[in-house]
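To keep things clear, I will list the structure first and then write my remarks on it.
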Amino acid sequence: MRILAIDTALGACSACVFEAGAAAPLAQETLVMDRGHAEALMPLIERVMQKADGGFAALGRVAVTVGPGSYTGLRVGVSAARAIAFAAGIPAVGVTTVAACAAPLIGREHGRVIAAALDARHGQVWFQALTAEGKPLVSLRQVSYRDAARAIGAGPVSLVGSAALSVANEAWAIGLDALVVDDAKAPNIAWVARLGLIADPESAPPRPLYLKAPETTPQDKARLPRR
């Protein structure tokens, strides 16, 4: 099966085409950015698809990061994935950003806790911890850097994600053996594709995952608020 993977949840705009069983994507592109995903995504997808023989007709599935992440970025990616899947008549699945960040470490960090820590701003982090085999230890949550470190337990821990160093600093302060493996701003798009290939469309819908309310408030019936 061939899959198109899309990520606009965090600090990048990415897409790739991946064939099941392959070692690397058939085509991929990533633009590092904090804003502008809406304008960049569709041209980026078009460029990626032009590099993959068969185009959209050869796809069997679409995967998209569903969060946690930027409110606007999530909506951009999910909307695009749904539209492409609908037009192609294929399933769309959602992949969490923490799962995509942690996936490269599963099975490789023997005897260590694997923790994904993504910057949620204002001293907060989107956090999840797993065993070395990928079994959940700490459920996905939004907490302070300190509370994330304390949730790890006795460790040792291998950390990934944009807030990995911040959580590691707190872990070191309480005497934990903490290793920062990767502090990239966004997951590797190839791992979004790999997880999307094994996801169940029934239990992994392409629906935004928010751990807190968005920091924007709609205007009251399109009127300017009173002062």
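The values are calculated or read from the model by the stated rules, or taken from the named source; none is laboratory data. Model, not experiment: these values are computed from the prediction. In this analysis, Cβ positions are derived from the backbone assuming ideal geometry, glycine residues included, and neighbour counts consider all displayed protein chains.
Structure summary
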read-out: Condition check for Thr30: surrounded by 14 or more Cβ atoms within 10 Å (Cβ to Cβ), touching a Ser or Thr at 6+ places or on another chain (Cβ under 6 Å) and polar (S, T, N, Q); value: yes
read-out: Given (1) part of a strand (DSSP E or B); (2) closer than 16 Å to Trp191 by Cβ, number of the condition Leu31 does not satisfy; value: (2)
read-out: Total residues in region 1-29, condition without any contact (Cβ under 8 Å) to a residue 24 or more places away in the chain and either more than 19 Å from the chain's Cα centre (by Cα) or farther than 17 Å from Ala100 by Cβ (or both); value: 4
read-out: Close pairs from region 64-91: first touching a residue at least 12 places away in the same chain (Cβ under 8 Å), partner in a helix (DSSP H, G or I) and of a type in the set (Ser, Thr, Tyr), Cβ under 7 Å, at least 6 apart; value: Thr65/Thr97; Gly67/Thr97; Pro68/Thr97; Gly69/Thr97
read-out: Meets criteria (out of contact with any Cys (no Cβ under 7 Å at 6 or more places or on another chain) and either modelled with pLDDT under 95 or closer than 23 Å to Leu195 by Cβ (or both)) for Gly123; value: yes
read-out: Ala57 among the small types (Gly, Ala, Ser), in contact (Cβ under 8 Å) with a residue 24 or more places away in the chain and surrounded by 15 or more Cβ atoms within 10 Å (Cβ to Cβ); value: no
read-out: Residue, surrounded by the fewest Cβ atoms within 10 Å (Cβ to Cβ), within region 91-105, restricted to residues that are in contact with a Leu (Cβ under 7 Å, 6 or more places away or on another chain) and of a type in the set (Val, Ile, Thr); value: Thr96
read-out: Residue in region 39-49 that is in the same structural domain as Pro91 (by TED's automatic domain parsing), in contact with a helix residue (DSSP H, G or I) (Cβ under 7 Å, 6 or more places away or on another chain), of a type outside the set (Asp, Glu) and closer than 24 Å to Ala120 by Cβ present; value: yes
read-out: Condition met for Leu176 (free of Cβ contacts under 8 Å to residues at least 60 places away in the same chain and among the hydrophobic types (A, V, I, L, M, F, W, C)); value: yes
read-out: Conditions (1) out of contact with any strand residue (DSSP E or B) (no Cβ under 8 Å at 6 or more places or on another chain); (2) within 24 Å of Leu211 (Cα to Cα); number of the one not met by Ala5; value: (1)
read-out: Answer residue from region 35-80, given it is hydrophobic (A, V, I, L, M, F, W, C) and under 14 Å from the mean Cα position of the chain (by Cα) and is nearest to Ala117 (Cα to Cα) among those; value: Val66
read-out: Residue within region 124-143 that is in contact with a Pro (Cβ under 8 Å, 6 or more places away or on another chain) and among the aromatic types (Phe, Trp, Tyr) present; value: yes
read-out: Odd one out for Arg2, checked against (1) of a type in the set (Lys, Arg); (2) surrounded by fewer than 17 Cβ atoms within 10 Å (Cβ to Cβ); (3) touching a helix residue (DSSP H, G or I) at 6+ places or on another chain (Cβ under 8 Å); value: (2)
read-out: When residues of region 172-201 are limited to those that are in contact with an Asp or Glu (Cβ under 8 Å, 6 or more places away or on another chain) and in a helix (DSSP H, G or I), the one surrounded by the fewest Cβ atoms within 10 Å (Cβ to Cβ); value: Ile189
